[in-house]
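**Student:** Let me begin by handing over the structure; questions about it come next.
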């Protein structure tokens, strides 16, 4: 990749290189915590543009990557034309997201908008308990249950129960939709 794109650098977890004016490409290790790897990446390359490569792309991981500052989230097996497109978009200051992920995010936005329109007086604060609302606020940042538990000083099991309650009360079936609704509050 570096031969084809001289302005990029492929780095591995634990490897720190000088990265001035270089686009960092980081391949997530599927056997390590994505959150831990992305925290490390942000700590060591916070002043660089970086692209996250995933072996098995997942929406929750994409959200975490973008929350961590990634400019793109790409399947590691993407073809050369896609890689070139990603590099061009990110080099020009944009963000890149794959078509499948984009469709998922657009569907989530439409569902969140429909919920807002359907119950125009929908006030999430009156539907959720105070603690569920706190959990939803932290969840909207892309945090895992473990991180939510740590931040709110409650058990992970309690977080799971609150998330289930939030899903049920709002009629939503995934974390992205909760995040979208919370951004509108």
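**Student:** Would you point out the residue of the stretch 67-85, among those that are in a helix (DSSP H, G or I) and more than 19 Å from the chain's Cα centre (by Cα), that is nearest to residue 101 (Cα to Cα)?
**Tutor:** Going residue by residue through the stretch 67-85, those that are in a helix (DSSP H, G or I) are 67, 80-85.
After this cut, where a residue has to be more than 19 Å from the chain's Cα centre (by Cα) as well, the list is 80-85.
Details: 80: 19, 81: 18, 82: 14, 83: 16, 84: 19, 85: 16 Å.
Within the stretch 67-85, the match that is nearest to residue 101 (Cα to Cα) is 82.
**Student:** Name every residue in the stretch 153-185 that is under 26 Å from residue 69 (Cα atoms) and buried (at least 16 other Cβ atoms within 10 Å of the Cβ), in order of residue number.
**Tutor:** 159, 163, 175, 176, 177, 178, 179, 180, 181, 182 - these are the residues of the stretch 153-185 that are under 26 Å from residue 69 (Cα atoms) and buried (at least 16 other Cβ atoms within 10 Å of the Cβ).
**Student:** Restrict the check to the stretch 44-54 and report whether at least one residue is in a loop (DSSP other than H, G, I, E, B), modelled with pLDDT of 85 or more and surrounded by fewer than 18 Cβ atoms within 10 Å (Cβ to Cβ). Spell out how you get there, then give the answer.
**Tutor:** Just the residues of the stretch 44-54 that are in a loop (DSSP other than H, G, I, E, B), to begin with: 46-49.
Next cut, modelled with pLDDT of 85 or more only: none.
No, the stretch 44-54 contains no residue that is in a loop (DSSP other than H, G, I, E, B), modelled with pLDDT of 85 or more and surrounded by fewer than 18 Cβ atoms within 10 Å (Cβ to Cβ).
**Student:** For the stretch 138-152, name all the residues that are in contact (Cβ under 8 Å) with a residue 24 or more places away in the chain and either on the phi > 0 side of the Ramachandran plot or crowded, with 16+ Cβ neighbours inside 10 Å (or both).
**Tutor:** If the condition is that a residue be in contact (Cβ under 8 Å) with a residue 24 or more places away in the chain and either on the phi > 0 side of the Ramachandran plot or crowded, with 16+ Cβ neighbours inside 10 Å (or both), then 139, 140, 142, 144, 147 are the ones that fit.
**Student:** Right, another one. Identify the residue in the stretch 75-95 that is closer than 17 Å to residue 22 by Cβ and in contact with a strand residue (DSSP E or B) (Cβ under 6 Å, 6 or more places away or on another chain) and, among all such residues, is surrounded by the most Cβ atoms within 10 Å (Cβ to Cβ).
**Tutor:** Among those that are closer than 17 Å to residue 22 by Cβ and in contact with a strand residue (DSSP E or B) (Cβ under 6 Å, 6 or more places away or on another chain), it is 86.
The values are calculated or read from the model by the stated rules, or taken from the named source; none is laboratory data. Owing to the predicted nature of the structure, the values given are computational and were not obtained by experimental measurement. Methodologically, a virtual Cβ is constructed for each residue, glycine included, from the backbone with ideal geometry; neighbour enumeration extends over all protein chains shown.
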